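The structure under discussion appears below in the form of structure tokens.
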Amino acid sequence: MYKFLKDSKLCDPKFLFGVATASYQIEGATSVDERCPSIWDTFCAKPGAVYKQHNGDVACDHYHLYQDDVNLIASLGMGAYRLSIAWPRIIKFDGSINQKGLDFYDRVISALEEKNLTIMATLYHWDLPQYLDDEGGWLNRETAYKYAEYVEVVSSYFGDRIDFYATLNEPWCSAFHGYRDGKHAPGITDDRSAFLASHNLLLAHGLAVPILRKNAPSSKHGIVLNFTPAYPANESAKDVADFADEYNHWFIKPIMEGEYPESVYQHYIDVMPTIEDGDMGIINAKIDFLGVNNYSRGVIDQDGQYPNYKEVHLSDVERTHIGWEVYPEGLLKLLTDLNQTYQLPPIYITENGAAVDDQVVDGAVEDEQRCRYYQNHLSSVDQAIRKGVDIRGYFAWSLMDNFEWAEGYKMRFGIVYVDYKTQKRIPKRSALWFKEFLDSRQQ
Ligand code: IFM
């Protein structure tokens with residue numbers, strides 16, 4: 001099954017393979033060891049916000065099962081693990097440090113070190129402490145400074161033991177799902193709020209970078225951004241698709257070039273936040289790596305007058321369980337386009353994967369669609385490297401099935417199946433495929 005990878009750039013043992021997860025999606029133990037509530041605890045409790053009102057209270061109980069999970073990662077032949085650190089476990093509502101939270105991540109990091117796994121830690125994967133949301137959350141500029149204080153605590157404690165620090169995961173989702181379409185916590189639906197949140201998130205990122213450099217000088221520092229490239233549904237939708245695509249650059253352009261994409265900025269000028277002197281310079285801090293998350297593409301058609309647009313759903317295309325089109329060519333084009341547009345640092349694919357309606361049959365999970373998804377997307381990564389894009393690693397999303405935000409536990413993204421009743425983990429065919437491929441690289 002992995003024949004095509006045999007001569008690929010991905011066979012180079014220096015190319016990093018890993019799996020990714022995030023705190024709220026796997027840890028559970030939300031009331032243990034003085035963790036503070038997060039905006040996702042609050043959001044999950046709102047009727048209608050999350051599928052069947054699922055929540056992260058137990059999730060995969062990784063808080064208690066982390067040692068087994070680390071053993072599992074190593075047993076799959078993976079070289080790296082991307083986890084996220086939960087801000088609500090680290091800083092209490094009065095600003096004091098929760099040592100028990102630091103101790104938990106210390107245990108996880110020690111377990112990873114024992115297995116010689118490269119560690120990438122995301123410092124914010126959407127679980128904002130609720131006490132900060134009570135003060136305005138990402139609509140409050142002060143949250144960016146609070147974030148910098150939290151980053152100081154984590155990075156001075158763990159320093160270079162964490163190989164890669166990612167400041168934020170997918171700030172696009174935090175801003176636009178959190179504050180524009182309301183699909184994510186805190187569930188606000190307002191353009192002005194979304195752009196303000198995006199600016200404060202970027203500021204938080206920019207403030208964090210020099211702190212990380214000071215406290216972890218040998219580690220690499222960067223950010224993880226999601227990209228869903230826009231494709232025109234027809235000839236006449238080309239301009240509007242280009243406009244829609246500018247959203248893909250809403251975060252990367254200010255980080256790489258110190259300015260927002262002009263067309264979107266001008267279109268929404270009436271709801272743009274005040275940009276204080278010096279902000280864009282802070283945001284433009286040099287990064288050592290870019291994390292790219294990609295799952296699918298968006299097919300865009302005009303919706304009334306330019307630049308209004310809508311996403312259309314093509315029939316006759318393959319989709320995953322969550323409804324996203326399978327479009328591996330999009331990942332290749334995304335990577336080569338980004339490479340042409342910006343002076344980028346090395347890229348890591350920090351998330352890529354498929355939701356499948358997995359079934360356990362005779363104790364096994366044959367996730368054929370996910371296997372194909374991975375193979376075709378890895379082939380795109382290989383081709384991008386051949387075209388000169390500096391890609392150093394790939395993290396599958398996700399290690400195991402977990403809490404999929406507004407979709408609750410309905411959507412399974414893991415290469416390992418989780419039986420939520422027993423917390424039993426069953427490596428799926430895709431996990432066994434990765435293991436076989438990774439073992440073959442060692443020979
Ligand atoms: O589960 C999420 C993850 O938390 C962020 N990126 C997309 C994944 C799949 O939706």
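We did not get these values from a lab; they are worked out from the coordinates using the rules stated. Note that this is a predicted model, so its numbers are computed, not measured. Cβ placement follows ideal geometry from the backbone for every residue including glycine, while neighbour counts extend to all protein chains displayed.
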- prompt: So which lysines can LYS9 reach, going by Cα to Cα under 23 Å and dropping same-chain residues fewer than 8 places off?
  reply: LYS220, LYS333, LYS387, LYS435
message: On a 24 Å Cα-Cα criterion, which of the cross-link pairs LYS183/LYS310; LYS46/LYS310; LYS52/LYS424; LYS52/LYS428; LYS52/LYS183 come out too long?
response: LYS46/LYS310; LYS52/LYS428
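Just from its helices, what would the mean residue ellipticity at 222 nm be for the chain, if runs of 4 or more DSSP H residues each count -39500 (n - 2.57) and the sum is divided by every residue, rounded to the nearest 500 deg cm²/dmol?
About -11000 deg cm²/dmol.
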task: Compare the Cα positions of GLY28, PHE17, TRP40 along the charge dipole of the range 1-40 (+1 at Cβ of Lys, Arg; -1 at Cβ of Asp, Glu; about the Cα centre) and return the one farthest towards the positive end.
output: PHE17
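If you count the DSSP beta bridges with both ends in the range 226-337, what percent of them are antiparallel, to the nearest 5? Spell out each step's value before the answer.
On the way: 4 of 8 bridges.
In the range 226-337, DSSP labels about 50 percent of beta bridges as antiparallel.
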query: In straight Cα distance, which lysines are under 23 Å from LYS92, not counting same-chain residues fewer than 8 positions off?
result: LYS100, LYS146
GNM flexibility winner over the chain from ASP245, ASP357, ASP277 (Cα, springs under 10 Å): ASP277
statement: Sorted by chain and then number, the residues having a modelled amide H within less than 5 Å of the amide H of GLY393, at least 5 places away or on another chain, are LEU16, ILE349
message: Output wanted: per-residue J couplings in Hz (rounded whole) for the range 413-418, from phi through Karplus 6.51 cos²θ - 1.76 cosθ + 1.60, θ = phi - 60°, x for Gly and Pro.
response: 9, x, 8, 10, 7, 10
message: Rounded, prolate or oblate, given the Cα gyration tensor of the chain, with a/c below 1.5 counting as rounded?
response: rounded
- request: Can you bin the range 149-217 into rounded, prolate or oblate? Criterion: square roots of the alpha carbon gyration tensor eigenvalues sorted a ≥ b ≥ c, rounded for a/c under 1.5, prolate for a/b above b/c, oblate for the rest.
  value: prolate
- request: Calculate the dipole size of the chain relative to its Cα centre from +1 charges on Lys and Arg beta carbons and -1 charges on Asp and Glu beta carbons; express the result in debye to the nearest 20.
  value: 1160 debye
- request: Please report TYR268, TYR63, TYR124 as a ranked list, fewest other C-beta atoms within 10 angstrom at the top and most at the bottom.
  value: TYR268, TYR63, TYR124
field: the chain: antiparallel DSSP beta bridges as a percent of all, rounded to 5
entry: 25 percent
- prompt: With Cβ to Cβ distances under 10 Å as the rule, what net charge do the other residues near GLY393 carry (K, R +1; D, E -1)?
  reply: +3
statement: Once amide hydrogens are built 1.01 Å from N within the peptide plane, the residues lying 5 or more places from SER38 or on another chain with amide H under 5 Å from its amide H are GLN130
message: Quick check on the range 317-443: take the gyration tensor over C-alpha atoms, sort the square-rooted eigenvalues as a ≥ b ≥ c, and tell me if it's rounded (a/c under 1.5), prolate or oblate.
response: prolate
- prompt: Under the Karplus relation 6.51 cos²θ - 1.76 cosθ + 1.60, θ = phi - 60°, what is the ordered set of whole-Hz ³J(HN,Hα) values for the range 349-358, x standing for Gly and Pro?
  reply: 6, 8, 7, 6, x, 9, 8, 10, 7, 5
message: Can you work out the Karplus-derived ³J(HN,Hα) for every residue in the range 276-286? Use 6.51 cos²θ - 1.76 cosθ + 1.60 with θ = phi - 60°, whole Hz, and x for glycine or proline.
response: 6, 3, x, 4, 5, x, 5, 5, 7, 4, 5
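Can you tell me the order of 316-326, 145-155 when each peptide is scored by its average per-residue count of other Cβ atoms within 10 angstrom, highest first? List each step's numbers first, then the result.
Values: 316-326: 14.2, 145-155: 20.4.
Final packing ranking: 145-155, 316-326.
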Ordering of 160-168, 182-190, 347-355 by packing [mean C-beta count within 10 Å, highest first]: 347-355, 160-168, 182-190
